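Values in this text are rule-based calculations from the coordinates and carry no lab data. Quantities reported herein were computed from a predicted structural model and do not represent experimental measurements. Cβ atoms come from the backbone with ideal geometry, glycine included; neighbour counts cover every protein chain shown.
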There are 2 protein chains.
Amino acid sequence: MTGDAQISRLKPGRRMDIRRENERAILDAAEKVFAEAGFGGATMQLIADMAGLPKANLHYYFATKEDLYRRVVSQIFEVWLEAASSFDNAPGPVEGIGAYVDAKMDISRTHPHGSKVWASEVMHGAPVIQDYLETTLRDWTDGRIAVIQRWIEEGKMRPVNPRHLLYLLWATTQHYADFGHQIQTLNAGRPLNEKQWQDAKASVKDLVLRGIGAI
Amino acid sequence: MTGDAQISRLKPGRRMDIRRENERAILDAAEKVFAEAGFGGATMQLIADMAGLPKANLHYYFATKEDLYRRVVSQIFEVWLEAASSFDNAPGPVEGIGAYVDAKMDISRTHPHGSKVWASEVMHGAPVIQDYLETTLRDWTDGRIAVIQRWIEEGKMRPVNPRHLLYLLWATTQHYADFGHQIQTLNAGRPLNEKQWQDAKASVKDLVLRGIGAI
DNA sequence: TCGTTTCCTGACCGTATGGTCAAGGAGAAG
DNA sequence: CTTCTCCTTGACCATACGGTCAGGAAACGA
């Protein structure tokens, strides 16, 4: 028993706080810089400046640029996996896919940098996350395909290729993050406002759910 | 009339041939390297090796790395614009959007590198093609939105937000190029075969055309 | 207070990169 | 052959980058 649950919550060690705060600052800065410049274009100096720390301090917390990058990528993957739970425990495609689109669109809005880092990583052949693709992502995909297959058999939607449906969902939702700059440019240079985001979510859900004959 | 159409085709000057061939070799190599490593990660040495030329020779044909990159990006944009004509002169969404999906899917299959370079460029804030986005792309988009709007008014499809429909089309078709590695990994590590590509095209067209109520 | 561990950072290093240049080689023109 | 233009390329340069390190500061435990 280490006891002192409450007190140790209030003052869990200064050291721990420092480490946590600095790692957070570095990871946030890194996510932004990697997204905006790519792995090759990003520099440790730039990340350090954005985090408000000397460059040598980055290497105290993260041994190499690749280590830091790896941490950033895993971070995003976890966020997506969390959102993927929207799919489960849904009685049918209207609820399941509807919630999944909502969740992924929200992530594109709140975590645009992470989405870009992921996209960049995959485009370059997934040098550091190939194992994720082959294990976690493959398992998740197979599971969701089974769910969709079941919905089809239960007559809750038209028979469509579940794999290509998933790709369409991924592509479209992530497009709002990855191609956010293009979308903004085509929106008179302004980011989508609240109403436009709602419109986007509704449009995507409507198109997809109609497309699969669920509504 | 410059005359000698045939003869000047056969031997239009050795010099011209050399220049054309070398520029072609460099651009092809550059497209691949930029796609696989990003602008920052690509090196002139790597491009030179892949093109089979000494590095100094690249700088004879393209003054700087940025010049070379700019040429690569414009090249892709032109390919896409050409495919975009599928949209025009179509009597309705089934033909117009159907042909557009086919064309863009074919490009994703035949020009995966170009698509990735474009995606990368946009993700990084479009530093070198911002003017394209603001002029050519914006005009093209507005024109297509008008066409879709007309189809809706003519009762040839359900009323959907044309802009978000276009985004879905771009996102989905380009996904098969940009995330080709992920798709391949989820396909037991093998690239999609002919049948799978046909299935993908059919699935996307089916989902979209049903989604907009055109079939 | 003192010793120990963790954190901080300016200065430094080897390397790789984009770009230059001068000298030479190959086509074209007369 | 001569001359001119265009093409080719090894050697070179300045810079910027990832990463190291030694020595000091701050937090912690006793």
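Observations on the model:
- Mean silhouette area of chain A, derived from the convex hull of its C-alpha atoms and averaged over all directions, reads 15.9 nm².
- Anisotropy class of the protein assembly as shown from Cα gyration tensor, a/c 1.5 cut: oblate
- Once C-alpha pairs closer than 8 Å and six or more residues apart are averaged by separation and normalised to the residue number of chain A, the relative contact order reads 21 percent.
- For the range A:110-191, the fraction of C-alpha pairs more than 16 angstrom apart is 65%.
- Starting from the label point of B:Asn89 at 7 Å along Cα→Cβ, the same points in the other copies fall at 5.6 nm, in ascending order.
- Each label was represented as a point 7 Å from its Cα along the Cα-to-Cβ direction; for B:Gln184 and B:Ala56 these points are 3.6 nm apart.
- Label point 7 Å beyond Cα along the C-beta direction, distances from A:Asp67 to other copies (nm, shortest first): 4.2
- Given A:Lys116/B:Lys65; A:Lys65/A:Lys116; A:Lys156/A:Lys195; A:Lys104/B:Lys201; A:Lys116/B:Lys201; A:Lys104/A:Lys195, the pairs whose alpha carbons are separated by over 20 Å: A:Lys116/B:Lys65; A:Lys156/A:Lys195; A:Lys104/B:Lys201; A:Lys116/B:Lys201
- Exam field: A:Arg19 pseudo-label spacings to other copies (7 Å along Cα-Cβ), nanometres: 6.3
- Chain B: angle of helix B:93-110 to the longest principal axis, Cα-based, in degrees nearest 10: 30 degrees
- The mean count of C-beta atoms from other chains within 10 Å of the C-beta of residues in B:114-123, rounded to a whole number, is 5.
- For chain B, with +1 on Lys and Arg beta carbons and -1 on Asp and Glu, the positive-most of B:Ile26, B:Gln130, B:Ala51 along the dipole: B:Ala51
- Prolate/oblate/rounded label for the range A:14-55 (Cα gyration tensor, a/c 1.5): prolate
- Averaged over peptide B:140-150, the number of partner chain Cβ atoms lying within 10 Å of each residue's Cβ comes to 0.
- For the range A:117-191 versus the range B:63-110, the gap between their alpha-carbon centres in whole angstrom: 22 Å
- Most mobile listed residue (B:Ala188, B:Ala37, B:Ala202) in chain B, GNM with C-alpha springs under 10 Å: B:Ala188
- In chain A, the DSSP-assigned H stretches of four residues or longer account for a calculated mean residue ellipticity at 222 nm of -23500 deg cm²/dmol, using -39500 (n - 2.57) per stretch and the full residue count as denominator.
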